[in-house]
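A.B. asks: Pasting a structure here, questions to come.
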Amino acid sequence: MGGKQDPTANGSPKSESMGAKKASPDLLNSSFSFKSLKLKTKQQELLLRVSILGLVYVLAFIARLFSVLRYESMIHEFDPYFNYRTTLYLTEKGFYEFWNWFDSESWYPLGRIIGGTLYPGLMVTAALIYWTLRFLRFFVHIREVCVLTAPFFASNTTIVAYFFGKEIWDTGAGLVAAALIAICPGYISRSVAGSYDNEAVAIFALLLTFYLFVKAVKTGSLSWALGSAFGYFYMVSAWGGYVFIINLVPLYVLVLLITGRYSMRLYVAYNCMYILGMLLAMQIRFVGFQHVQSGEHMGAMGVFLLMQVFYFLDWVKYQLNDTKLFQTFLRITVTSAILVGGIALGVGTASGYISPWTGRFYSLLDPTYAKDHIPIIASVSEHQPTAWSSFMFDYHILLFLFPAGLYFCFKRLSDATIFIVMYGLTSLYFAGVMVRLILVATPAVCLISAIAVSATVKNLTSLLRTKQKVPQTGSTKGVGSSKSSSKVTLDQSQPFQKNGAIALLVGVFYLLSRYAIHCTWVTSEAYSSPSIVLAARGAHGNRIIFDDYREAYYWLRQNTPTDAKVMSWWDYGYQITAMGNRTVIVDNNTWNNTHIATVGRAMSSYEDEAYDIMRSLDVNYVLVVFGGVTGYSSDDINKFLWMVRIGGGVYPVIKEPDYLVNGEFRVDKGASPKMLNCLMYKLCYYRFGELVTEYGKPTGYDRARGVEIGNKDIKLEHLEEAYTTSNWIVRIYRVKPPTNRL
Amino acid sequence: MMNLSRSVALISLFLLPLLTFSFSVDNPTDRRVLVLLDDLSLKSSHSIFFSTLKSRGFDLDFKLAEDSKLALQRYGQYLYDGLIIFAPSTERFGGSLDSKSIAEFVDSGRDLILSADTSASDLIRGIALECGVDFDEDSSAMVIDHSSFDGDHTLIAADDLVKSHAILGKTKIEAPVLFRGVAHSLNPTNNLVLKVLSASPSAYSANPSSKLSSPPQLTGSAISLVSVMQARNNARVVISGSLQLFSDRLLRSSVQKAGSPNKYEKSGNEQFVTELSKWVFHERGHLKAGSLVHHRVGETDEPAIYRIKDDLEFSVEILEWSGKSWEPYVADDMQVQFYMMSPYVLKTLSTDKKGLFHTSFKVPDVYGVFQFKVEYEKLGYTTLSLSKQIPVRPYRHNEYERFIPTAYPYYGACFTTMAGFFVFSFVYLYHK
């Protein structure tokens, strides 16, 4: 759909010819109308561009509404529930209460300072939209605003993509980029309606910052640099991924310095952006002094200092006329600058003033790091290295348009194209390291691919046109430099050139339409599931909805004491606090590894050991997610090894081999005795041995793992079943008080 | 019905950690007591014990253990507040009574005196086992002591009593307590049960009529003669290995411990059983706590949340049941914890002698969800386990100091730089 609009975005020559065609009947009437129409062609082109952009804007929004139409207007997944809860708090209590919010409902008994441990950009954005709508007398519920924030910002991203494309190539590339990014699955996966997460606004902020910075470098204007600093501030307030900006921009500047592209424009742009951006970013409590204290941000500071050295050397060079003297001076200055910088960094790191790189950062540079050192990062599915198939799934044709675009970029190297090339290459590397970072690479891939599409189509159409109207080529010759090259090829006039061009054009349109179809399909099939409500196909092709999560959370809300503490694996923490309104021990904000390990240890211990742990944490209820009845595979048994690993990472009494048989994870009769009697196994399979799940299978047949369970006679001593949802997906157990007499 | 009542009990237990779990909170002393006998002649042979109970106002209901109309409950309501089982040989109770219903009776917060004897039945052993007491498996075994006896070597003159005013009263029991019966040991994992009357180190448990073929399993001070158990809901249980201990004969008998010059006209039994029955029926050692009260210094209302380094005052009122009325409890060992996974503050409360315990302290410099905890476990007294949750927040953004004296050089640097820049630009722009 988006692809089909591309050929119209071909710049002036085509619209001119269109205008000429249309104008020819008018020629008979009067020469004046021809002239006015001739004037109008410029306007027509503008009109066309604006309407295309408008359509893309709307398209980007409505393509993300599948989930609302299929299910209902609801918040998806895990983290968005926390964001929703905080937004609700913000709109109810106001900004200062939000900023100082100490949440005693999560991380019991440690609590969490919400205001100081989140990126408030998303919540504030949604709250502002909400307040604006209220002011305009649209009385919407805050949930609707939250659900639609992501599509709205995706639409805004397309506009930024257009301007960015225009900046690095031309308007045509801009329009193509806008259209590509509007429906690119890599972006849609994180910005469908209901996916109320930081990335929803962060990608917009990211692209805006980059665009403004490129613009600032191009113009050398303070105001653009200032804009870029504010874009950066917004990004910092919205997402931890701002670290990418604060490393990519200095890297880019460094590359420009090395390649001899240093200029006053760059100096102004970078210095202004860095200093102001840094000062602004310090206003976010969660980031605080990291810009001057953390290892990840030191690169930017180093480049900043290097910039001053460059400027100083420039000045010295200007003062000294003797080149030989200058060479010596240069050597001394550079050596001492590097020495001083190195010593400062060394002292800072050794004294602990500069914190070392965080585990997440390490795991980005070295994909195997997390697996060996930080199981809690490695356990998250979106932190896994990306499979090739998901690249294909998320990028489709962009995957091979990307190299073509790189080729065009290198052919017409400028400050702007260097930036987009660096953005594309670095982000693509990170996308290979972590699945979720495909998102960051998506805008770059779309932009570079747009350059490829736009440049190719432009060349091909101009080929076609010049052949048709040989005399006209001369008149349009001066319009663009790219045409001169096509004219050269034309002059050699190969015989099948025109047919070849037509064939290629058709090919491009075919590819683009396939892309559009693929994107729509992926969006509707893969990325529009809220994951809190599950859907499956029944035996007769009918849709079955499993709404067990919400059933369980509402049960908790209605039937447990208000100060009850619920223990579950951390994945469900945000949902329990947001929907169940109950205190949880650990949640998705995995800041305290020990606490999570304690829960992991409880889950992987025998019941009586677990009971002591649960008593020490004042746990009243235990919640497990179990997919054995429905065949839902991302349940707690399949996550169990991670609980063992994380628990074992802090408490060495938990050993992974105890739960494995010959290195294999089993739940059937061949499972290890520790596995068959640990708390998690007992809670998941309690009473499951009596149940027939599938026709023709024995009782206790686990459909998620396709085996008959090994321990069918489970007795619980210290816990009792409190509630099991209709499809057994969520099971809640009550922790009994200690026995009265023993 | 049972499940329901149990879950109700569990929920209320969960909601009210205050655990004054008797029949009425205001009057915890038992009133209606069911006495189960395996022989009605016990009524006369143990009449002194029963009459002391009656004289203290108890309403005793004597029933034969096999009585087919036995019932503890009617329409879900308990008919009795206490139960005395003097039926060691009964194999099966009549009516709806069994060991499970007796365990439930105790779990509902009611009290029990259980006396076994030689050749105690499995039913009685089972009930005792529920309370953490293990009678000697050999049904013909008795406690034998060749050093602390009175006449017969199976009539033990025991004087190793638990030192607790709450359980055995303030007046010391001078004379040894006479005991003839079966030994029992305590479940080592159960810390609710304790020995009140222990055997001497030279005692052992064996069949006195047969020759000892193998070393006895129970020996020395591991043998308990009389034990008490106070459940978590403060139901109290007395388990005795001897029914004769309560009998008129031993109550009235004179005692002279073998090898001891002291001869007592009267054994310590009467005082022992009277005092023990006072304890078990909550006439003594029963505490009641009011709610935990806390507020910032200088305020009276309880805040919903504290800030770190707040000064707070804490108090709790604790009363003791004297048998007739609530009296202020006076002790110097009551402590409060300010607890989050481990106690951050542990303070001994001072008392005003009118039942009010209070202290004041500063909230530690740690935020989180804390609890005020009063865990009072004193031998013989009801266990007080009180807690109240209170979150502690860090400073708000505007509660920090605006200007810090140590940072004045930095402020100075800032303003001089600004001024210098202004002057510099002025000079630079207008100098030429």
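The values are calculated or read from the model by the stated rules, or taken from the named source; none is laboratory data. Given the structure is predicted, the values throughout are model-derived calculations rather than measurements. Cβ: placed from backbone, ideal geometry, glycine included. Neighbour counts: every protein chain shown. The area values use the complete protein model at the heavy-atom level, side chains included, leaving out ligands, DNA and RNA. Shrake-Rupley method; radii C 1.70, N 1.55, O 1.52, S 1.80 Å.
A.B. asks: With every protein chain left in place, what is the accessible area per residue of region A:197-355 in square angstrom, probe 1.4 Å? Before the final figure, lay out the partial values.
C.D. replies: Numbers: 7160 Å² over 159 residues.
Result: 45 Å² per residue.
A.B. asks: Would you mind giving the total buried accessible surface between chains A and B, with a 1.4 Å probe and ligands, DNA and RNA left out, rounded to the nearest 100 Å²? Display every interim value, and only then the final one.
C.D. replies: Details: alone 33030 and 22030 Å², together 52630 Å².
Its buried surface, counting both partners, is about 2400 Å².
A.B. asks: Using every alpha carbon pair in chain A, what percent of pairs falls into each 20 Å bin from 0 up to the bin containing the largest distance?
C.D. replies: 15, 42, 31, 11, 1, 0
A.B. asks: What residues of region A:716-742 lose no less than 40 Å² of accessible area with every protein chain in place versus their chain by itself (probe 1.4 Å, heavy atoms only)?
C.D. replies: Residues losing area: A:Pro737, A:Asn740, A:Arg741, A:Leu742.
A.B. asks: Pick from B:Ala183, B:Ala175, B:Ala304 the residue whose mean-square fluctuation is largest in a GNM of chain B, springs joining Cα atoms under 10 Å.
C.D. replies: Greatest mean-square fluctuation among the candidates belongs to B:Ala304.
A.B. asks: Tally Lys and Arg at +1 and Asp and Glu at -1 over the other residues with C-beta under 10 Å from the C-beta of A:Leu719: what net charge comes out? Mind showing how you got there, number by number?
C.D. replies: Details: positive: A:Lys682, A:Arg734, A:Lys736; negative: A:Glu607, A:Glu717, A:Glu720, A:Glu721.
For residues surrounding A:Leu719, the net value is -1.
A.B. asks: Expressed in whole Å with the largest first, what are the equivalent ellipsoid semi-axes of region A:597-707 derived from the C-alpha gyration tensor as the square root of 5 times each eigenvalue? The partial results should precede the final answer.
C.D. replies: Values: eigenvalues 119, 52, 26 Å².
Value: 24, 16, 11 Å, ordered largest first.
A.B. asks: Output the residues of region B:61-108 meeting this criterion: accessible area (heavy atoms, 1.4 Å probe) in the chain alone minus accessible area with all protein chains in place is 30 Å² or greater.
C.D. replies: B:Asp107
A.B. asks: Okay, moving on. Taking 30 Å² as the minimum loss, tell me which residues in region A:108-154 lose that much accessible area going from the chain by itself to the full protein complex (1.4 Å probe).
C.D. replies: Hits at the 30 Å² cut-off: A:Tyr108, A:Pro109, A:Leu110, A:Ile113.
A.B. asks: Which FRET efficiency value, to the nearest 0.05, do you get for B:Arg74 and A:Val380 by plugging their Cβ-Cβ distance into 1/(1 + (r/R0)^6) with R0 = 56 Å? Could you put the intermediate results ahead of the total?
C.D. replies: Numbers: r = 59 Å, r/R0 = 1.06.
Rounded to the nearest 0.05, the efficiency is 0.40.
A.B. asks: Measuring from centroid to centroid over Cα atoms, what is the spacing of region A:298-360 and region A:267-282 in Å?
C.D. replies: Taking the Cα centre of each part, region A:298-360 and region A:267-282 sit 18 Å apart.
A.B. asks: Oh, and also: Given DSSP loops and a limit of at most 13 other Cβ atoms within 10 Å, what is the longest stretch of chain A that contains no such GluC sites (Glu not before Pro)? Working shown, then result.
C.D. replies: Values: sites that count: A:Glu72, A:Glu694, A:Glu717.
The segment A:73-693 is the longest one with no such site.
A.B. asks: Under a plain spin-label model, where a point goes 7 Å from the Cα along Cα-to-Cβ, how far apart in nm are A:Leu464 and B:Phe415?
C.D. replies: My value for the distance between the label points is 7.2 nm.
A.B. asks: In chain A, what % of DSSP beta bridges are antiparallel (nearest 5)? Could you put the intermediate results ahead of the total?
C.D. replies: Numbers: 21 of 26 bridges.
Antiparallel bridges make up about 80 percent of those DSSP assigns within chain A.
A.B. asks: Give the residue list of chymotrypsin sites (Phe, Trp or Tyr not before Pro) in region A:572-617 that are DSSP loop and have at most 15 other beta-carbon atoms within 10 angstrom. Provide the component values of the computation, followed by the final result.
C.D. replies: Working: sites: A:Tyr572, A:Tyr574, A:Trp591, A:Tyr606, A:Tyr611; in loops: A:Trp591.
Answer in residue order: A:Trp591.
A.B. asks: A further question follows. Suppose all protein chains stay in the model; what accessible area per residue would a 1.4 Å probe give for region B:24-281, in Å²? Don't skip to the end; give the middle numbers.
C.D. replies: Numbers: 10370 Å² over 258 residues.
Result: 40 Å² per residue.
A.B. asks: While we're here: In degrees from 0 to 90, rounded to the nearest 10, what is the angle of the helix A:198-219 Cα long axis to the longest principal axis of chain A?
C.D. replies: Rounded to the nearest ten degrees, it is 30.
A.B. asks: Calculate for chain B the 222 nm mean residue ellipticity that helices alone would give, adding -39,500 (n - 2.57) per DSSP H run of length 4 or more and normalising by residue count, nearest 500 deg cm²/dmol. Intermediate values should be presented prior to the final figure.
C.D. replies: On the way: 9 runs with 89 residues, N = 432.
That calculation yields -6000 deg cm²/dmol at 222 nm.
A.B. asks: Could you state the orientation-averaged shadow area of the convex hull built on the Cα atoms of region B:286-393, in nm² to one decimal? Each step should come with its number before you reach the end.
C.D. replies: Working: hull surface 26.9 nm².
Seen from a random direction, the Cα hull of region B:286-393 projects 6.7 nm² on average.
A.B. asks: Here's a follow-up. For region A:640-677, state which trypsin sites (Lys or Arg not before Pro) are in a DSSP loop and have at most 15 other beta carbons lying within 10 Å of their beta carbon. Intermediate results must be reported in sequence, preceding the final value.
C.D. replies: Values: sites: A:Arg645, A:Lys655, A:Arg666, A:Lys669, A:Lys674; in loops: A:Lys655, A:Arg666, A:Lys669.
Here the sparse-neighbourhood loop sites are A:Lys655, A:Lys669.
A.B. asks: What spacing in nm lies between the two simple spin-label points modelled at B:Thr189 and A:Arg615, each 7 Å away from Cα in the Cβ direction?
C.D. replies: 1.2 nm
A.B. asks: Still on this structure, please answer the following. For B:Ser360 and B:Ser385, what does the FRET efficiency come to when R0 = 30 Å and r is the distance between their Cβ atoms, rounded to the nearest 0.05? Walk me through the numbers on the way to the answer.
C.D. replies: On the way: r = 23 Å, r/R0 = 0.76.
The computed FRET efficiency comes out at 0.85.
A.B. asks: What shape does region A:535-601 have by the C-alpha gyration tensor, where a ≥ b ≥ c are the square roots of the eigenvalues, rounded means a/c under 1.5, and otherwise prolate means a/b greater than b/c and oblate the rest?
C.D. replies: Note, shape of region A:535-601 comes out oblate.
A.B. asks: What are the equivalent ellipsoid semi-axes of region A:176-331, built from the alpha-carbon gyration tensor (square roots of five times its eigenvalues), in whole angstrom, biggest first?
C.D. replies: Numbers: eigenvalues 239, 62, 31 Å².
Three semi-axes, in Å: 35, 18, 12.
A.B. asks: At 10 °C and 1.306 mPa s, what whole-number value in µm²/s does Stokes-Einstein give for the translational diffusion of chain B, with Rh from the Kirkwood sum over Cα pairs? Walk me through the intermediate numbers first.
C.D. replies: Details: Rh = 25.2 Å.
This corresponds to a translational diffusion coefficient of 63 µm²/s.
A.B. asks: Further question: Among B:Arg74, B:Arg232, B:Arg32, whose mean-square fluctuation peaks in a Gaussian network model of chain B (Cα, cutoff 10 Å)?
C.D. replies: Among B:Arg74, B:Arg232, B:Arg32, the largest mean-square fluctuation in the Gaussian network model of chain B belongs to B:Arg74.
A.B. asks: Contour minus end-to-end for A:Arg285 and A:Leu133, with contour as 0.36 nm per residue of separation and end-to-end as the Cα-Cα distance? Working shown, then result.
C.D. replies: On the way: separation 152, 0.36 × 152 = 54.72 nm, distance 2.80 nm.
Roughly 51.9 nm would be gained on extension.
A.B. asks: Shifting gears a bit: Where a ≥ b ≥ c are the square roots of the eigenvalues of the C-alpha gyration tensor, would you call region A:253-302 rounded, which needs a/c under 1.5, or, failing that, prolate if a/b is larger than b/c, or oblate?
C.D. replies: Values: a/c = 4.59, a/b = 1.93, b/c = 2.38.
Note, shape of region A:253-302 comes out oblate.
A.B. asks: Heavy atoms only, probe 1.4 Å: what % of the accessible area of the protein assembly as shown goes to carbon and sulfur, would you let me know?
C.D. replies: Details: 31220 of 52630 Å².
Whole-percent figure for carbon plus sulfur exposure: 59.
A.B. asks: Name the most mobile residue of B:Leu243, B:Leu356, B:Leu225, meaning the one with the largest mean-square fluctuation, in a Gaussian network model of chain B with Cα contacts below 10 Å.
C.D. replies: Comparing B:Leu243, B:Leu356, B:Leu225 in the GNM, the peak value goes to B:Leu356.
A.B. asks: At 1.4 Å probe size, with every protein chain present, just tell me what the per residue accessible area of region B:286-393 comes to in Å². It would help to have the intermediate numbers written out before the result.
C.D. replies: On the way: 4890 Å² over 108 residues.
Result: 45 Å² per residue.
A.B. asks: Another one. Divide by every residue of chain A the summed helix terms, -39500 (n - 2.57) for each DSSP H run of at least 4, and state the resulting mean residue ellipticity at 222 nm, rounded to the nearest 500 deg cm²/dmol.
C.D. replies: Numbers: 32 runs with 457 residues, N = 742.
The helix-only estimate for chain A comes to -20000 deg cm²/dmol at 222 nm.
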